[in-house]
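Let me begin by presenting the structure, written as structure tokens, before commenting on it.
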Amino acid sequence: MYATVPHIFPAIRYREVILLPTNDDVSVPAVQYTWTAQPGDVSRFSRLALLRVFRRPKVIVYFAFVAVALVVAVWSGEEELAALFGVIVVGFPLALFVVIVRVNRTTVRPGAQWATGFNSFGMLLEDPLAQIVIGHGSIARIEVAHGLVYLYIHGGMGRAARIPESLCPPEARAYLLSMVDARPRSTSPGGSST
């Protein structure tokens, strides 16, 4: 059912909200693991984030194309184009690294407190900026690399929550994976599995 507010926002339509069935226990999980950021974590998190960006196939293809264009521009004597492609090849990763460092200075600065907790509904993730609960149904997969755990979210376009491994040790990951694997694959609005 749609409703409009004709005099204020004529083009905006409001939809009826449909709640999807979830587990009965939707309470915020209790804190089970804590972690305090140490000096050097900002640079470590930033380097790893930059490496993950540049390991994506589309980014590799893009930079390979720009590098080939740079070589062609240098070989053909086009100094302006060579300078432009050189700035792209060097400047873009540098600018991206600066942005990543600035973000990490707020979340993993020395002394920053992080916490996690798990229950039958999902996972609590608390960092210096926010406290969120990620439901088991939202988790697509879990990956561990270089001392960090990446929780990939359904519909997140490749986005992942990145947390230190001490906040999600092997026993917590095993529990989380068992809950993710135990959820119904598809649920109709009536609550029955198909």
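Data table
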quantity: The listed residue being under 14 Å from TRP35 (Cβ atoms), modelled with pLDDT under 85 and not basic (Lys, Arg), out of ALA112, ALA161; calculated: ALA161
quantity: Any hit, segment 90-111, residues being out of contact with any helix residue (DSSP H, G or I) (no Cβ under 9 Å at 6 or more places or on another chain), in a loop (DSSP other than H, G, I, E, B) and aliphatic (A, V, I, L, M); calculated: no
quantity: Failed item, numbered, when PRO29 is tested on (1) surrounded by 15 or more Cβ atoms within 10 Å (Cβ to Cβ); (2) assigned to a helix (DSSP H, G or I); (3) not aliphatic (A, V, I, L, M); calculated: (2)
quantity: Subset of segment 134-169 [more than 24 Å from ALA112 (Cβ to Cβ) and not in a strand (DSSP E or B)]; calculated: HIS136, GLY137, SER138, HIS154, GLY155, MET157, GLY158
quantity: Failed item, numbered, when GLY191 is tested on (1) within 28 Å of THR36 (Cα to Cα); (2) open to solvent by less than 50 Å² (accessible area, probe 1.4 Å); (3) at pLDDT below 85; calculated: (1)
quantity: ARG55 open to solvent by 80 Å² or more (accessible area, probe 1.4 Å), part of a strand (DSSP E or B), without any contact (Cβ under 8 Å) to a residue 60 or more places away in the chain and under 18 Å from ALA160 (Cα atoms); calculated: no
quantity: First in segment 133-145 and farther than 18 Å from GLN32 by Cβ, second anywhere and open to solvent by less than 40 Å² (accessible area, probe 1.4 Å) and part of a strand (DSSP E or B), Cβ under 6 Å, 6 or more apart; calculated: ALA140/TYR152; ARG141/TYR152; GLU143/TYR150
quantity: Among residues of segment 58-79, those that are of a type in the set (Gly, Ala, Ser) and in contact (Cβ under 8 Å) with a residue 12 or more places away in the chain, counted; calculated: 3
quantity: Hey, PRO128 under 16 Å from THR36 (Cβ atoms), at pLDDT below 90, under 21 Å from the mean Cα position of the chain (by Cα) and surrounded by fewer than 18 Cβ atoms within 10 Å (Cβ to Cβ) or not; calculated: yes
quantity: Residues that are among the aliphatic types (A, V, I, L, M) and exposed (fewer than 12 other Cβ atoms within 10 Å of the Cβ), drawn from segment 32-52; calculated: LEU51
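The values are calculated or read from the model by the stated rules, or taken from the named source; none is laboratory data. As the structure is a prediction and not an experimental result, all values here were calculated from the model. Cβ coordinates were reconstructed from backbone atoms using ideal geometry, including for glycine residues, and neighbour counts include every protein chain displayed. Just the protein is used for accessible areas: all its heavy atoms, side chains included, with ligands, DNA and RNA removed. Shrake-Rupley method; radii C 1.70, N 1.55, O 1.52, S 1.80 Å.
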